[in-house]
Amino acid sequence: MPLLCSEALNRIRSGGLTLGLGVHHLRGAAVPLLARAAGYDWLFIDSEHGTITPHDISQICLAALPVGVAPIVRVCTGALDEGTRALDNGALGIIVPHVDTPEQARRLVDAFRFAPLGHRSTGGPPAQFGYRPPGAAELQRTLNAEVLVIPMIETPQAVENAEAIAAIAGIDALLIGTNDLSLEMGIPGQVGHERVRAAYRQVAAACRKHGKVLAMGGVYDQELASLYIGMGARMILAGSDHNLLLEAATRRAEFLRTVPLAG
């Protein structure tokens, strides 16, 4: 059986504009169906800041694969074992925050790629192939080529090292965590500040030079999002379940409270 979600992965790798839905509070098989219905390409399943369990992560990934929405999991910086467990149980990508140096980025490749690129262990159930995988050698070659390994750029040090990180074989995209970057710069919340814009230009240049995808998180203002997409951001975290639900629910409540009451 071919790899599931390969079309979504190809869109991401090709540098076309793709949209991710952040999963922080939602659970269950409806999540990827809702994402697909809303026009999203991938899921950002957040186990860094969320309380989602490995079981919940796996169930969302398993539901995402058949509908063509690529499940990508963010783990905590020091929890690479959680990333390998997610990959063994349906995930098609891992995002790791606060990757500041090329040495740290190489550790991601070592953890999440099979030999010869890395040292990931084999043996997990091959959900990504609908549990009907090819032979072991082809399975490992395919997953090495297709699984997304994405470090987050969230500090000035990481920005300065962006070219060296982007040059590493086995790294697919650099995701700028814009909120944490502004915090580390001493300008918290100012995601449109010129220093942040300069960081985007620098990371975008590194990605272009080495054929990697520039990804963006933490920018929800339409004007700023347009600006950074214009600079080259292509893999876009468009919003998370809680802020999208709150925004839509607030607009609906505000409208209903303006309706005149009869009598």
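Among the candidates VAL31, VAL99, VAL73, single out the residue that is hydrophobic (A, V, I, L, M, F, W, C), assigned to a loop (DSSP other than H, G, I, E, B) and buried (at least 21 other Cβ atoms within 10 Å of the Cβ).
Checking each option against the conditions leaves just VAL99.
Pull out all pairs, ordered by first then second residue, where Cβ-Cβ is under 6 Å, the residues are six or more apart or on different chains, the first lies in segment 110-132 and is free of Cβ contacts under 8 Å to residues at least 40 places away in the same chain and basic (Lys, Arg), and the second is assigned to a loop (DSSP other than H, G, I, E, B) and surrounded by 17 or more Cβ atoms within 10 Å (Cβ to Cβ).
Taking only residues 6 or more apart or on different chains, the pairs are ARG120/ARG113; ARG120/PHE114.
Of everything in segment 206-230, what is touching a helix residue (DSSP H, G or I) at 6+ places or on another chain (Cβ under 8 Å), within 23 Å of PRO102 (Cβ to Cβ) and among the hydrophobic types (A, V, I, L, M, F, W, C)? Give them in sequence order.
Matches in segment 206-230: ALA206, CYS207, VAL213, LEU214, MET216.
I need the full set of residues from segment 111-129 which are out of contact with any Asp or Glu (no Cβ under 6 Å at 6 or more places or on another chain), surrounded by fewer than 14 Cβ atoms within 10 Å (Cβ to Cβ) and either modelled with pLDDT of 95 or more or not β-branched (Val, Ile, Thr) (or both), in order please. Can you show your working first?
Here is the first cut: in segment 111-129, the residues out of contact with any Asp or Glu (no Cβ under 6 Å at 6 or more places or on another chain) are 111-117, 120-123, 125-129.
Subset that is surrounded by fewer than 14 Cβ atoms within 10 Å (Cβ to Cβ): 115-116, 121-123, 125.
Within segment 111-129, ALA115, PRO116, SER121, GLY123, PRO125 meet the criteria.
What single numbered condition from (1) in a loop (DSSP other than H, G, I, E, B); (2) in contact with a Lys or Arg (Cβ under 6 Å, 6 or more places away or on another chain) fails to hold for THR51?
Here THR51 clears every test but (2).
For residues that are assigned to a helix (DSSP H, G or I) and small (Gly, Ala, Ser), scanning just segment 166-200, find the one that is surrounded by the most Cβ atoms within 10 Å (Cβ to Cβ). First the steps, then the outcome.
Taking segment 166-200 first, the residues assigned to a helix (DSSP H, G or I) are 166, 178-184, 194-200.
This time we only want the ones that are small (Gly, Ala, Ser), so: 166, 182, 198-199.
Numbers: ALA166: 26, SER182: 21, ALA198: 11, ALA199: 23.
For segment 166-200, the residue satisfying everything is ALA166.
Of the residues that make up segment 120-132, is at least one over 18 Å from the mean Cα position of the chain (by Cα), farther than 13 Å from VAL149 by Cα and among the basic types (Lys, Arg)?
yes
Read through the list (1) in a helix (DSSP H, G or I); (2) touching a strand residue (DSSP E or B) at 6+ places or on another chain (Cβ under 9 Å); (3) without any contact (Cβ under 8 Å) to a residue 40 or more places away in the chain, then give the number of the only condition that CYS61 fails.
For CYS61, the failing item is (3).
When only residues in segment 208-259 that are over 19 Å from PRO151 (Cα atoms) and in a loop (DSSP other than H, G, I, E, B) count, which is nearest to the chain's Cα centre (by Cα)?
Per the stated criteria, the residue is TYR220.
Against the definition (surrounded by 23 or more Cβ atoms within 10 Å (Cβ to Cβ), assigned to a loop (DSSP other than H, G, I, E, B) and within 19 Å of the chain's Cα centre (by Cα)), how does VAL203 come out, yes or no?
Working: surrounded by 23 or more Cβ atoms within 10 Å (Cβ to Cβ): yes; assigned to a loop (DSSP other than H, G, I, E, B): no; within 19 Å of the chain's Cα centre (by Cα): yes.
Against the criterion (surrounded by 23 or more Cβ atoms within 10 Å (Cβ to Cβ), assigned to a loop (DSSP other than H, G, I, E, B) and within 19 Å of the chain's Cα centre (by Cα)), VAL203 does not qualify.
Take the conditions crowded, with 16+ Cβ neighbours inside 10 Å and acidic (Asp, Glu) and apply them to ASP46. Does it pass?
yes
The values are calculated or read from the model by the stated rules, or taken from the named source; none is laboratory data. Predicted, not measured: the structure shown is a model, and the values here were computed from it. Quick reminder, even Gly has a Cβ in these numbers, built from the backbone with ideal geometry, and neighbours come from all protein chains shown.
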